[in-house]
Amino acid sequence: MGRYVRLSREVRFSGGLEPSSGATGNSFAGNPLGSGLEPLLALTVEAAGEIDRQTGMLVNIKQIDELVRSGIVGGWRGDAVTTAPMVLRQAWNLLDSLPRKIKVKSLTLACSPWLYYRISDEVEDMIELTERFEFSAAHRLHSANLTDGQNAATFGKCNNPHGHGHNYELEVTICGPIGADGRIMPLQKLHDIINRRVIDRMDHRHLNVELPEFAEVNPTVENIATVIFDSLAGEFTAPVKLVRVRLWETPKTSCTINADERS
């Protein structure tokens, strides 16, 4: 049995430079390097296979870098109609030229720390779009099925009768094929759905008091994530679908609802 591993390599580059400029620079921060207000993108390649016994490597990361920088970066910059999903699809096809013993498992293109696209070998004809949002809300953790003493012991400070607040961060993932416009879904349409179904209803609200969903349901991070998932699930029409909702209550606590795990 060989030594099977997964290796990730992130390639960072400027997304707005003309190919003819030939600008290079700090490969840790981005190469080719931007010269002004240009997007900094990061493409993460996840590959899998057996370690080569001679070199001790799965693949030479320089080969990945060269493919991305020459074939992808140089091939799409300056094209006004190019979109992130199209870049990701181009990268997926180009990286097929890696040695056959190596399998590209996924590619993730980060357009910002809060917006990224992903393609994987699980469903190659679909691309995931993930974006992060935020809202602030108050709640009180309290169960009508417990005594006051039991509630205090179970929920501690979170059982404060006057409630307490959190700055929630919400990550929503959808997937679909690349449409005729080069997109999975227009970002503004996604924003409109999230704002209407989540942000406008929950931001700066006391969830127990102002949202009917929590009149009899304890607004734990698990239940809030579930309510958000259910409220979003019907907003997307085939071939676009909701894949995942992840809600952070604090930087240390989050809850994830995956569509394929729902009963």
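The numbers here are math on the coordinates, done by the rules we state, and not lab data. What you see is a predicted model, and the numbers here were worked out from it, not measured in a lab. For neighbour counting, all protein chains shown are included, and Cβ atoms are generated from backbone atoms with ideal geometry for every residue, glycine included.
For this structure, a couple of remarks:
- Antiparallel bridge percentage (DSSP; both residues within the chain; nearest 5): 95 percent
- Charge sum, other residues only, whose C-beta stays under 9 Å from GLU50's C-beta, Lys/Arg counted +1 and Asp/Glu -1: +2
- The TYR4 and ILE61 beta-carbon pair, evaluated with R₀ = 22 Å, returns a calculated FRET efficiency of approximately 0.75.
- With the Kirkwood sum run over all distinct C-alpha pairs, the range 83-175 has a hydrodynamic radius of 17.0 Å.
- Residue exposure proxy: ASP65, ASP181, ordered by other Cβ atoms within 10 angstrom of their Cβ from fewest to most, comes out as ASP181, ASP65.
- Candidates LEU115, LEU146, LEU88: whichever shows maximal mean-square fluctuation once the chain is modelled as a Gaussian network with Cα springs under 10 Å: LEU146
- Stretch gain in nm, segment THR256-ASP200, where the contour uses 0.36 nm per residue and the Cα spacing is subtracted: 18.0 nm
- When the chain is treated as a Gaussian network with alpha carbon springs shorter than 10 Å, the biggest mean-square fluctuation among CYS175, CYS158, CYS111 belongs to CYS158.
- Ellipticity at 222 nm from helices only: DSSP H runs of n ≥ 4 in the chain, each -39500 (n - 2.57), divided by the residue count, give -5000 deg cm²/dmol.
- Using the Cβ-Cβ distance between SER136 and THR82 with R0 set to 30 Å, the FRET efficiency works out to roughly 0.25.
- When the alpha-carbon atoms of the range 219-263 are used, the pair Rg, Dmax equals 11.1, 34 angstrom.
- Using R0 = 35 Å, the C-beta based FRET efficiency linking VAL209 and ASP181 works out to 0.25.
- Computed over the range 142-218, the percent of Cα pairs more than 15 Å apart is 70.
- Percent RCO, i.e. relative contact order, over the chain, from Cα pairs under 8 Å lying at least 6 residues apart: 15 percent
- Principal-axis analysis of the Cα atoms of the chain puts helix 221-233 at an angle of about 70° to the longest axis.
- Spin-label pair ILE51/ASN167, simplified geometry with 7 Å Cα→Cβ offset, distance in nm: 4.2 nm
- Local electrostatic count at SER120 - Lys and Arg +1, Asp and Glu -1, tallied over other residues with Cβ under 10 Å: -3
- Dipole-positive endmost among CYS158, PHE214, GLY176 within the range 128-261 (Cβ charges, Cα centre): CYS158
- Here the spin labels are modelled as points 7 Å beyond Cα on the Cα-Cβ line, and at GLU122 and LYS103 they lie 1.4 nm apart.
- With the convex hull of the Cα atoms taken as the outline of the chain, the averaged projected area works out to 18.6 nm².
- Extension gain from ALA238 to THR44, taking 0.36 nm per residue of separation minus the Cα-Cα distance: 67.1 nm
- Three-way shape label, the range 128-261, alpha-carbon gyration tensor, a/c 1.5: prolate
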